[in-house]
Amino acid sequence: MTLSETQHDIIRLIKTHKTIIIHRHQRPDPDAIGSQMGLAAILRASFPGKTVYSVGKQYPGFDWLGKTDSIEDDVYKDALVIVVDTANQPRVDDARYTMGNALVKIDHHPNDDPFGVPMWVAPDASSTSELIYDFYAANQDNLTMTDDAARLLYAGIVGDTGRFMYPSTSPHTMAVAGALMAFNFSASAVNQQEDEISLPLARLSAYVYENLTVLESGAAYLKLTDELLEPFGLKDESTSSIVPLPGRLGEVVAWAIFVESKDHTFRIRLRSKGPEINELAKRHGGGGHPLASGAVAHDDTEIKQVIEELDNLVQRSKGE
Ligand code: AMP
């Protein structure tokens, strides 16, 4: 693999900064954390004289992917900040990401909100973890992969490809996963960890299948209010594992899950097997990938509107 000009600029910035702070998005998933912690592990092993921090809220469910660091504001002075896996600036976890000496974006979402110099944005990549591996592979003179970095990047790829099931999984993705598996960690332990759900989530999964509304077009939806989640002992952020479930039904083409947030708006989680849903998400204050997006509905009227738009979109795609 050869080094692109952007990757060259990134490695130059890494070399010229003694302190590197890595941020990722709020409400993280295994790719956000895997790419963040994986890059941090590579940089620590490659440049023992540098100090590398990973920042952002720690979620106990993700302790197996490492722990974030708490740092004071003055650490940002003269630091290089790298934001991974985050398309939009309001979603960056820890708003201090602009306080460094230089800012770099490494991401695989559509570049709806360009920030950072340089930006390395590759929407065709399965995951940001895949990009971090590519960065290592093109820079082997400078960078060292460790077993734990390989485990973290593998976890990110598994997470964002839905265990290599989503169309974003390319031959290159499989080659990268294979190269990572050659390091010393248990890939099956990672797969099992990501597949594991708690009993409350298993019960919520049953609720999803029992209560999902499937329209004739193949559009489907479900609303999860606070009141409903409470007896399951679950909060909105712990519902990620139920989002892919409607897609297992053959008749479902695209779906929306509305999850009530603390402020009583509804987080919309949109998924599709074909018709692109990210423009719909953008119309409702969100964005994301063509087949996996998120947005916000402020009330029941907006929820109805989103369902109608999703239904129309799926119907239109069938006519094409
Ligand atoms: P989620 O349903 O939260 O897993 O989100 C799926 C994808 O949609 C994420 O990878 C993000 O790229 C994107 N996304 C979710 N929420 C938002 C938002 N409020 N604004 C922009 N993009 C979002």
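Listing for the model above:
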| quantity | calculated |
| --- | --- |
| Long-range neighbours under 6 Å by Cβ, at least six apart or interchain, first residue on the phi < 0 side of the Ramachandran plot within segment 250-275, second near the ligand (Cβ under 9 Å from one of its atoms) and open to solvent by 20 Å² or more (accessible area, probe 1.4 Å) | TRP255/ARG271; ILE257/ARG269; VAL259/ARG267; SER261/ARG267; THR265/VAL296; ARG269/GLY294; ARG271/ALA292 |
| Filtered residue count, segment 50-81, keeping only those that are small (Gly, Ala, Ser), more than 23 Å from ALA187 (Cα to Cα) and assigned to a loop (DSSP other than H, G, I, E, B) | 3 |
| Candidate set: segment 68-113, residues that are within 14 Å of the ligand (Cβ to nearest atom) and farther than 23 Å from THR161 by Cβ; chosen: the one surrounded by the most Cβ atoms within 10 Å (Cβ to Cβ) | VAL92 |
| Segment 282-297 residues that are within 9 Å of SER272 (Cβ to Cβ), paired with ones that are open to solvent by 20 Å² or more (accessible area, probe 1.4 Å) and near the ligand (Cβ under 6 Å from one of its atoms) (beta carbon under 8 Å, 6 or more apart) | SER293/GLY286 |
| Search result, residues across segment 209-222 that are under 25 Å from the mean Cα position of the chain (by Cα) and buried (at least 18 other Cβ atoms within 10 Å of the Cβ) | ALA219, ALA220, TYR221, LEU222 |
| Checking ARG151 against (1) outside the structural domain of ILE14 (by TED's automatic domain parsing); (2) in contact (Cβ under 8 Å) with a residue 12 or more places away in the chain, the condition it does not meet | (1) |
| Counted residues, segment 71-82 - those being in contact (Cβ under 8 Å) with a residue 12 or more places away in the chain and out of contact with any strand residue (DSSP E or B) (no Cβ under 7 Å at 6 or more places or on another chain) | 2 |
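The values are calculated or read from the model by the stated rules, or taken from the named source; none is laboratory data. Note that the structure is a prediction, hence the values are computed from the model and not measured. So basically every Cβ, Gly included, is an ideal-geometry build from the backbone, and we count neighbours across all protein chains shown. The protein model used for the area step is the full one, side chains on, heavy atoms only, and it has no ligands, DNA or RNA in it. Shrake-Rupley method; radii C 1.70, N 1.55, O 1.52, S 1.80 Å.
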